[in-house]
Amino acid sequence: MDINTHEPPFQETYRALFQNSTALKAKDHDQNSSMVDNNKECELPLIDLDRLNFRYLVNDHLNNFQELDKCIEEMAEAASEWGFFQVVNHGIPRKVLDSMRFEEMKMFHQPFCKKSEESFMNLSADSYRWGNPTATCLRQFSWSEAFHIPLSDISRLDACNNSRSAIGLFVKKAASLARRIAECLAQNLGVKSSYFQENCVPSSNYVRMNRYPPCPSSSEVYGLMPHTDSDFLTILYQDQVGGLQLMKDGKWHNVKPNPDVLIVNIGDLFQAVSNGVYKSIEHRVVAHPEVERFSMAYFYCPSHEAVIESCSHPAVYRKFSFREYRQQIQMDVRATGDKVGLSRFLLQ
């Protein structure tokens, strides 16, 4: 391996997985290809968050409260029917997103041997992740690399590098946006407004920067394997390359890329709290054979001690803590290579 290359050694490290899974990967690929709607890219519901801004109430008090209610209603409808929606006028300036993307690309284009060092940019040892060491077959493998950074670690980024300020500013804006959207969605359920302030402390949230390298085996492996998010909601910023797919009505749908919007998707915890009203939808990323893809996601999570409980009765899910949920996921992944998720907590 060239020590100066920034590409992770996927095929060298996982040679046995690729060699031993020939028959299985062909079967899985044929099965999954038949489930993809290739006719067109789906347009996710688009929500204009400008209507949440109370400065417009000065001129027309009643009309703008109606617009506020309509905005919340549209988000709730999208969360129920799609589990995903796009937002504009979200409060994160384009220059912040461009700066963050530039610094993200610089980090990923460092030589692999440097990125994989324990103290790269002063981050914790397990921040840099690539491939999938728990995969038992190609269906569970992800041709991607990521920096997984808890908010508490952002201040540890190398002070001589602009990444700390660029990522820190994105995180500050995304945190405010996530809380605002979560409170609106909770309001529609009748959940008390202080719920997220009490349970989602900054130290429990994290960002994940993703890079999907060009993949010579793009017909055989995913860029990111199918999954649901284990949080309340995720704020995603992606480039124009495309590759994100979501499951709807039993088929995989291509999500049309739009770098001018942010994507919001519902996580497992919101599905549980909403008693199944909001949907945590399975999604994945398809690997591209020639072009690299970048994205950054902000995950809005509670503290480990937070209790997750359905907001209405009869409850679909039993009460559980976020710590218990994470531990169950880890046990399932170690045992099977797959996340089982919310079905483990269904009330029979």
### Task
Write out, first by first residue and then by second, each pair whose Cβ atoms fall under 8 Å of each other, whose residues are 6+ apart or on separate chains, and whose first residue, in the range 83-96, is closer than 23 Å to Val277 by Cβ and in contact (Cβ under 8 Å) with a residue 40 or more places away in the chain while the second is of a type in the set (Asp, Glu) and part of a strand (DSSP E or B).
Val87/Asp48
### Message
If the requirement is being out of contact with any helix residue (DSSP H, G or I) (no Cβ under 7 Å at 6 or more places or on another chain), surrounded by 18 or more Cβ atoms within 10 Å (Cβ to Cβ), modelled with pLDDT under 95 and more than 23 Å from Ser127 (Cα to Cα), which of these qualifies: Gly242, Gly190, Gly250?
### Response
Gly242
### Query
Among all residue pairs at least 6 apart or on different chains, which show Cβ distances below 7 Å where the first residue, located in the range 123-152, is closer than 23 Å to Phe294 by Cβ and the second is among the β-branched types (Val, Ile, Thr) and surrounded by fewer than 20 Cβ atoms within 10 Å (Cβ to Cβ)?
Gly131/Thr13
### Residues satisfying the stated conditions in the range 196-207, i.e. surrounded by fewer than 18 Cβ atoms within 10 Å (Cβ to Cβ) and either without any contact (Cβ under 8 Å) to a residue 40 or more places away in the chain or assigned to a helix (DSSP H, G or I) (or both)
Gln197, Glu198, Pro202, Ser203
### Some residue of the range 193-203 being under 20 Å from Ser295 (Cβ atoms) and not polar (S, T, N, Q)
no
### Task
Starting from residues that are of a type in the set (D, E, K, R) and surrounded by fewer than 20 Cβ atoms within 10 Å (Cβ to Cβ), keep the ones in the range 116-158 and report whichever is modelled with the highest pLDDT.
Arg129
#### Entry: All positions within the range 225-268 that are on the phi > 0 side of the Ramachandran plot, without any contact (Cβ under 8 Å) to a residue 40 or more places away in the chain and small (Gly, Ala, Ser)
none
### Summary
Residue count, the range 217-256, condition in contact with a strand residue (DSSP E or B) (Cβ under 6 Å, 6 or more places away or on another chain) and under 19 Å from Trp82 (Cα atoms), comes to 19
### Query
Take the residues of the range 289-312 that are buried (at least 22 other Cβ atoms within 10 Å of the Cβ) and not hydrophobic (A, V, I, L, M, F, W, C): which is farthest from Gln238 (Cα to Cα)?
Pro302
### Message
Taking the conditions exactly as written (at pLDDT 95 or above and either crowded, with 17+ Cβ neighbours inside 10 Å or closer than 24 Å to Ala76 by Cβ (or both)), does His283 satisfy them or not?
### Response
yes
### Query
Is the range 161-184 home to any residue that is basic (Lys, Arg), in contact with a Gly (Cβ under 8 Å, 6 or more places away or on another chain), closer than 15 Å to Ile92 by Cα and surrounded by fewer than 22 Cβ atoms within 10 Å (Cβ to Cβ)?
yes
### Query
Within the range 313-331, is there a residue that is under 30 Å from Asn258 (Cα atoms) and buried (at least 16 other Cβ atoms within 10 Å of the Cβ)?
no
### Query
Mind checking whether some residue in the range 62-71 is at pLDDT below 65 and either of a type in the set (Lys, Arg) or not in a helix (DSSP H, G or I) (or both)?
no
### Task
Find the residue count for the range 308-330, including only residues that are under 19 Å from Asn205 (Cβ atoms), touching a residue at least 40 places away in the same chain (Cβ under 8 Å) and not hydroxyl-bearing (Ser, Thr, Tyr).
3
## Note on the structure
Just one listed residue, out of Ser155, Ser165, is within 28 Å of Gln86 (Cα to Cα) and either touching a His at 6+ places or on another chain (Cβ under 7 Å) or polar (S, T, N, Q) (or both), and it is Ser165
### Query
Looking at (1) touching a strand residue (DSSP E or B) at 6+ places or on another chain (Cβ under 7 Å); (2) closer than 27 Å to Leu46 by Cα, which is the one condition that is false for Phe345?
(2)
## Note on the structure
Every listed condition ((1) part of a loop (DSSP other than H, G, I, E, B); (2) touching a residue at least 12 places away in the same chain (Cβ under 8 Å); (3) at negative phi) holds for Asn275 save (3)
### Task
Inspect the range 137-148 for any residue being in a loop (DSSP other than H, G, I, E, B), under 26 Å from Cys301 (Cα atoms) and in contact with a Leu (Cβ under 6 Å, 6 or more places away or on another chain) and give the result as yes or no.
yes
#### Entry: Matching residues, the range 208-221, being buried (at least 20 other Cβ atoms within 10 Å of the Cβ) and either at pLDDT 95 or above or touching a Gly at 6+ places or on another chain (Cβ under 9 Å) (or both)
Met209, Asn210, Arg211, Tyr212, Pro213, Cys215
### Message
Among the numbered criteria (1) modelled with pLDDT of 65 or more; (2) of a type in the set (Val, Ile, Thr); (3) surrounded by fewer than 16 Cβ atoms within 10 Å (Cβ to Cβ), which one does Val58 miss?
### Response
(1)
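The values are calculated or read from the model by the stated rules, or taken from the named source; none is laboratory data. None of the values given here were measured: they were computed from a predicted structure. When we count neighbours, we look across all protein chains shown, and the Cβ atoms used for this are built from the backbone with ideal geometry, even at glycine.
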